[in-house]
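First comes the structure, then the notes that go with it.
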Amino acid sequence: MLTAEANERLTRVGPGTPMGDLMRRYWIPVRPLVELKEEEVMPIRILGEDLVLFITKKGDLGLIGERCPHRMTLMKYGFPDEDGLRCCYHGWMFAPDGQCIDTPLESPTNKLKDQVKIGSYPVQEMGGLVWTYMGPQPVPLLPPWDLFVMPNAIRQIGISHLACNWLQCHENTGDPAHSVYLHGYNFKYILEKKGELEERTKDRQMSTLHSRIDMGRGIESLYAHETQYGMEKGINYSKALGADKDRQSRHSTVIFPFFTQTGGPGQVRQEFQIRVPIDDTNTYHIAYGCYMGLGGVEAGEQESVPYYDIPIYDEDGSPIWDFVLAQDSHAWVGQGDIMDRTVEHLGRTDLPIVFMRRQFEEQMLIVEDGGDPKNVFRDSSSMPDLIHGGIWDESNSSVTGAGGAVSSFRSAYHKGYGIDDADRYGPAMPEIIDLMQRIDDHLTADEV
């Protein structure tokens, strides 16, 4: 349970708020590059600010304020030129850095354009996403987190617009035990009602439903602790309490401030879930899928990283419940626009959530004191080409997913189990299914 003041500090992201000031210290992914190339000019809202993202005719990226400083019309109606974005009203053109570089209806000798500039933020591309930095100078480095830059991989980007505060989406990653019911017993109930339980769970090892239910057997305690780039958390199991043996199971990696990484070393499917605050009551959720070629199997080349929308309601407006991310999304939205943490009642399985909230508070205080929070990188000479956000060790059996390249539903899309998650909507699924089949064939041939 939090005080109302503490809840406000953690959830509000507008300019001048403690969490908003913290978020503005990071590069934030705002749209897939392919989508921007299709649209050319896009209105976006990030951290409570209305902005216009564009790409010039020669391919430069820009992010500027929403209104032309001439007569204040909306720049989202502008059109791209070689060197910038032109306002639809009088043709004033603004470069990606916001500087006015042409006022075509003014006198050629008029220097008005030199005195006019629109607000702007720097943008870069990485991993098929467009990123922006909205904080104070100097601009930090854009860190090369592994899934965005690892070679020999197929990628696709799933997008959801969720009508709730970003934190209730992100606190999900501090709650490993929710899988038992939300993705286990609840999933079973949904499939029973649809008459699909037997067909969708015929292979017990590959069925996510059964493995999630099994997660609830023998829980002794949960743990959480800080790591170099975020936090580590998971579940301690006891054989005396019904587990198969005494063991520790690490849950998904948390990369500060709002990344969750699922998968693991030696696994085909890796994913970042990124909870980008649109404003206080809306979240731009990115499911960034990365599918690795393993054991000498080539993943294949991609000219660009495709994107897709992840539906959580069907054509009739009824909620979709039969895949994992939809189940999560409905649970998050179901907590309200901004969850009221003054009335919650936490239990033993919420220990990592408490840890996460304390970590956010610690990092907000660092910013308030004028310091750099966790994961702000400034030294280019020491920046590696690739950063693993968590432990990347195939010999560590506590890493979620470790234990074989084809060992769970997320490595068995070629066996029909892609239907259990949002990936099923992705445009790269035919290539991903082919990759998983080729890896399975390769491993089978090695065993003969």
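The values are calculated or read from the model by the stated rules, or taken from the named source; none is laboratory data. In this text the structure is predicted, and so the values were computed from the model without any measurement. When we count neighbours, we look across all protein chains shown, and the Cβ atoms used for this are built from the backbone with ideal geometry, even at glycine.
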Matching residues in segment 243-264 - criterion: being charged (D, E, K, R) and in a loop (DSSP other than H, G, I, E, B):
D244, K245, D246
Please pick out the residue among R424, R438, R410 that is in a helix (DSSP H, G or I) and either modelled with pLDDT under 70 or crowded, with 23+ Cβ neighbours inside 10 Å (or both).
R410
Give the residue, chosen from G184, G174, G158, that is more than 30 Å from T17 (Cα to Cα) and surrounded by 17 or more Cβ atoms within 10 Å (Cβ to Cβ).
G184
So which residues in segment 108-134 are of a type in the set (A, V, I, L, M, F, W, C) and modelled with pLDDT of 95 or more, if there are any at all?
V116, I118, V123, M126, L129, V130, W131, M134
If you go through segment 47-60 one residue at a time, how many are within 20 Å of T73 (Cα to Cα) and either in a strand (DSSP E or B) or of a type in the set (A, V, I, L, M) (or both)?
7
Any residue at all in segment 154-166 that is out of contact with any Asp or Glu (no Cβ under 8 Å at 6 or more places or on another chain) and part of a helix (DSSP H, G or I)?
yes
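Yes/no matrix, rows are residues, columns are (1) within 23 Å of D279 (Cβ to Cβ); (2) of a type in the set (S, T, Y); (3) touching a strand residue (DSSP E or B) at 6+ places or on another chain (Cβ under 9 Å); (4) at pLDDT 95 or above:
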position: P43; (1), (2), (3), (4): yes, no, yes, yes
position: G48; (1), (2), (3), (4): yes, no, yes, yes
position: G59; (1), (2), (3), (4): no, no, no, yes
position: I64; (1), (2), (3), (4): yes, no, yes, yes
position: H70; (1), (2), (3), (4): no, no, yes, yes
position: Y77; (1), (2), (3), (4): yes, yes, yes, yes
position: E82; (1), (2), (3), (4): no, no, no, yes
position: L85; (1), (2), (3), (4): no, no, yes, yes
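For segment 313-365: of the residues being polar (S, T, N, Q) and farther than 23 Å from R410 by Cα, which is surrounded by the most Cβ atoms within 10 Å (Cβ to Cβ)? Give the derivation first.
Pass one, segment 313-365, residues polar (S, T, N, Q): 318, 327, 329, 335, 342, 349, 359, 363.
The next check asks that each one be farther than 23 Å from R410 by Cα; those that pass are 318, 335, 342, 349, 359, 363.
Numbers: S318: 8, Q335: 17, T342: 12, T349: 17, Q359: 20, Q363: 22.
Looking at the filtered set, the residue picked out is Q363.
Scan segment 384-404 residue by residue and report those that are modelled with pLDDT of 55 or more and either under 25 Å from S207 (Cα atoms) or surrounded by 14 or more Cβ atoms within 10 Å (Cβ to Cβ) (or both). Break it down into steps so the answer makes sense when it comes.
We begin by selecting, within segment 384-404, every residue modelled with pLDDT of 55 or more; these are 384-396.
Within segment 384-404, L386, I387, H388, G389, G390, I391, W392, D393, E394, S395, N396 qualify.
G296 - would you say it is part of a loop (DSSP other than H, G, I, E, B), within 14 Å of L147 (Cα to Cα) and either in contact with a Cys (Cβ under 9 Å, 6 or more places away or on another chain) or assigned by TED's automatic domain parsing to the domain that holds V333 (or both)?
Values: part of a loop (DSSP other than H, G, I, E, B): yes; within 14 Å of L147 (Cα to Cα): no; either in contact with a Cys (Cβ under 9 Å, 6 or more places away or on another chain) or assigned by TED's automatic domain parsing to the domain that holds V333 (or both): yes.
So G296 does not fit the description; no.
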